[in-house]
């Protein structure tokens, strides 16, 4: 157990150094391929397309979630025993989409 504790800081330093070297190599490859950090010619068209798709996607999600909440509210009004379970699952799913997944991908 003490050997593992002694070897952990150098091992973590080696892993961090390897990660930095790997990231530096990837960055050098991007620069060699011509990546300058500037928007390329015609980039505004692609940016507009992505913006349109993103706004459509947001409306689709908002409509779907609101329809699900209306159905769950109807189940609660008519006395369904499982309606709170469904409501909890919808809330957890929305929180996963809005909070956890972007945090993991960032």
Quick check on my filter: what residues within the stretch 27-46 are surrounded by 10 or more Cβ atoms within 10 Å (Cβ to Cβ) and assigned to a helix (DSSP H, G or I)? 27, 28, 29, 30, 31, 43, 44, 46
Over the stretch 73-95, the set of residues closer than 21 Å to residue 58 by Cβ and without any contact (Cβ under 8 Å) to a residue 24 or more places away in the chain is 91, 92, 93, 95
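Laboratory data are not the source of any read-out in this text; all were calculated from the coordinates shown. Because the structure is a prediction, the values reported are computed rather than measured. Every residue, glycine among them, receives a Cβ derived from its backbone with ideal geometry; neighbour counts consider all protein chains shown.
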